[in-house]
Every structure is written in C-alpha cells, then in structure tokens.
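The values are calculated or read from the model by the stated rules, or taken from the named source; none is laboratory data. Everything numeric in this text was worked out from a predicted model, so none of it was measured. Every residue, glycine as well, gets a Cβ built from its backbone with ideal geometry; the counts of neighbours run over all protein chains shown. Just so you know, the surface numbers come from the protein's heavy atoms only, side chains and all, with ligands and any DNA or RNA stripped out. Shrake-Rupley method; radii C 1.70, N 1.55, O 1.52, S 1.80 Å.
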Amino acid sequence: MSGTSGNQERNSFLDGQIAQLIGDYLTRLQRYEEAREEYQEASEGYENISPASPDFETAQNNQKVVLGKLNRLPERQKSSQDYRLEKLFAVEKEQSRSVSLKSRVNLSQWLQNVFEESWQTIEQLFAPGEPCFAYAYALRERGADFVDSKTVSDLIETIYTSQEEHRRRQAALRLGEMGTASSEVLAALTHLLGVTQDEETRWSAAESLWRLAPHNLAGGLRRVKDLGMLIGEHPVTLMVAVLPKTDQMIAVLLRVYPMRNQKYLPAHLQLVVLDEAGKTFLETEARELDNYIQLKFSGSPGEQFSVRVGLGEANITEDFTL
C-alpha cells in the first residue's frame, strides 16, 4: 500500500467515525432522515478500508453497528422543510392574534434548524472584516503559525485515553486554540462530546468545534442577536447556544459580548436569568475589563425562562422556551 493510499484510507476511516457520531447526535434529536444520511456516509467511508489497513477490523465492526442503527431508524420523520412550514403557519397564526403578545423564542426548534429571523449566525451579524466579539475570540488567531503536529497528536491522545476530566477539558480547549481543523481533531472533539457527562468539558469541546468547524452539528447550535442597546456608548450582543444531553435535557449557554470595535463590556452590566415566575434564577455582572460575561444551566423541553441584560435603569428582556 502506498503512503498516499494509506492516508486516503485513514481519512476515509476518520470521516466515517465523524459521520457515525453525528448520526448518533441527530438520532437523539429525533432528526431521523438527517441521521440516515450520516449513517449512510459513515458506511461508505468504512467500505473504503482495505483488508491491508490497520483500521480494517475496526471499520468492519463499526459498519455492522452503523447498519444496525440504520435498520432501527423510523421510516419517515419530519424534515427541516416540514418544520420550517410549521413554523411559518405558527407565525401566521400568531400574527392573527393580539400584536401586544410578546413571542417566546423556542430553543427546541433551533435543534430542528428553525430559527427566528432576529437571531442570526455570527457571519450574518458581522460584516466581512469587522472584528467579532472584541477580544473574546483572540485565541482563534493565536498559535496558528506555530502548530506542532506532535503536540496536536498528544492532545488527541489525551482526549481518548485520559481518565482525568480536567486534562481532557484542557486538551479540548488547546486544540481549538491551535486552529488545526483536521479530521483527527474534529473526530476527537466529537468523541469527547459523546462520552463525557461533565458540562464544563462538553462546552469546552463544543466551543473548540465552533472555532474549527462552525457548522458541525456535534457542537450544538448557537445564534446571536444585536440587542440594539447602547449602554454608556457600548452596544452589546446576546449569544445563546444549546447543546442536547443524553438524558433528554438541554444545556444552555448565554453570553453577552461588546460590539462595534468595543474591547470591553461596561462595568456592572448585568446578565440575569429569570424563571417562569419571573424570579431571579441566575445572575452575573461585568467587572472592569471583562470582554464577555456568561451563564450556563440545563433544563427540560417545555420549560420557560427569560434573559435580562441591563445596566442601571436601561435593560432588555428576551423570553425563551426550551
């Protein structure tokens, strides 16, 4: 086997693993048609592994697992287009009611790729060349010119073999900072998201995936909204990210960033989560030189909460349903 052929088979094997993990993720979301496509892609990847490859036996076993999962998928589920049409009809129905009613953002529908127009991707919100979120993503540019392949390999090995959660978490963060979006790196991060139950580790792996492969579904979904609020001449944006959990719960990450070339949030800016009764559930406050503030929590589908961002008498509240 030539070196080039061996590399191609290795990449095909890793692509199969990634597709298999994404298929598992989509199955948990009950997005069965998309899961079917990922499983089929995984099967094709495993079929390309020759008997001479060291990955052959693992590929054969993985393919059996994938084919079994394909056979167990329900025949027909709603497509993303179905959900978009349902959302359109729901919006039309809502518009026929009193315009004074404030709608809630349905985060479960985000997991079906249905988003409200005011919630955008980072690419949509920021013009080309405009700095995104001040210094919050400065690490994305760091280290890219000094990537050490051995360091990357060691970090990947740590994710797969270490029994110490903090080491796996640090490895995931470091891989995101190094900026190497290879198949091996993406497979390791996706693997970590699937096996760890530690919330901090899962969010660390998800954030690295955002940096390396922003459209990788394994990293959950995130959207941003320009709150249109100037507080002490500081415009801010709210980011909401959702990450499904194996126990049917949904993990939520909230962040507030400065915008329009501002480096820091104004001191004492508050981020508050209110429960369904309007009582404070979580809160945090910006200090001097904070370039973002955040809160994390988990909830069950159907739970309602609100997010308030404010400083002094000026505040904006967004309502959500999980």
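Only residues that are open to solvent by less than 20 Å² (accessible area, probe 1.4 Å), in a loop (DSSP other than H, G, I, E, B) and free of Cβ contacts under 8 Å to residues at least 40 places away in the same chain were counted across the stretch 216-246, and they come to 1.
Candidates in the stretch 247-260 are the residues that are surrounded by 17 or more Cβ atoms within 10 Å (Cβ to Cβ) and of a type outside the set (Val, Ile, Thr); of these, the one that is modelled with the lowest pLDDT is Met259.
So that you can scan it fast, the table gives a plain yes or no per residue for (1) in contact with a Lys or Arg (Cβ under 9 Å, 6 or more places away or on another chain); (2) part of a helix (DSSP H, G or I); (3) not β-branched (Val, Ile, Thr):
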residue	(1), (2), (3)
Gly23	yes, yes, yes
Thr27	yes, yes, no
Glu44	no, yes, yes
Thr58	no, yes, no
Leu67	no, yes, yes
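Given the structure, is Ala286 under 25 Å from Asn113 (Cα atoms) and either surrounded by 19 or more Cβ atoms within 10 Å (Cβ to Cβ) or in contact with a helix residue (DSSP H, G or I) (Cβ under 6 Å, 6 or more places away or on another chain) (or both)? Spelling it out, it is not the case that Ala286 is under 25 Å from Asn113 (Cα atoms) and either surrounded by 19 or more Cβ atoms within 10 Å (Cβ to Cβ) or in contact with a helix residue (DSSP H, G or I) (Cβ under 6 Å, 6 or more places away or on another chain) (or both).
Restricting the stretch 309-321 to residues that are modelled with pLDDT of 90 or more and crowded, with 16+ Cβ neighbours inside 10 Å, the residue that is nearest to Ser108 (Cα to Cα) is Thr321. For beta carbons closer than 8 Å, sequence separation of 6+ or different chains, a first residue in the stretch 195-215 that is closer than 21 Å to Gln20 by Cβ and open to solvent by less than 20 Å² (accessible area, probe 1.4 Å) and a second that is of a type in the set (S, T, N, Q) and modelled with pLDDT under 85, the qualifying pairs are Leu209/Asn216. Given the condition in contact with an Asp or Glu (Cβ under 8 Å, 6 or more places away or on another chain) and farther than 30 Å from Gln20 by Cα, answer yes or no: does some residue in the stretch 217-225 qualify? Yes.
Tell me, please, whether a residue that is touching a Ser or Thr at 6+ places or on another chain (Cβ under 8 Å), within 30 Å of Ile22 (Cβ to Cβ) and either in a loop (DSSP other than H, G, I, E, B) or free of Cβ contacts under 8 Å to residues at least 40 places away in the same chain (or both) can be found in the stretch 281-292. No, the stretch 281-292 has no match at all. Please find, within the stretch 54-70, the residue that is farthest from Arg28 (Cα to Cα) out of those that are open to solvent by 50 Å² or more (accessible area, probe 1.4 Å) and free of Cβ contacts under 8 Å to residues at least 40 places away in the same chain. Once the filter is applied, the top-ranked residue is Pro54.
For Glu276, the conditions (1) crowded, with 17+ Cβ neighbours inside 10 Å; (2) modelled with pLDDT of 85 or more are fulfilled apart from (1).
Screening Pro301 with (1) within 18 Å of Arg104 (Cα to Cα); (2) modelled with pLDDT of 90 or more; (3) not polar (S, T, N, Q); (4) not in a strand (DSSP E or B) gives one miss only, at (2). Evaluate the following for Arg76: is it of a type in the set (Lys, Arg) and either assigned to a helix (DSSP H, G or I) or modelled with pLDDT of 80 or more (or both)? So Arg76 does not fit the description; no.
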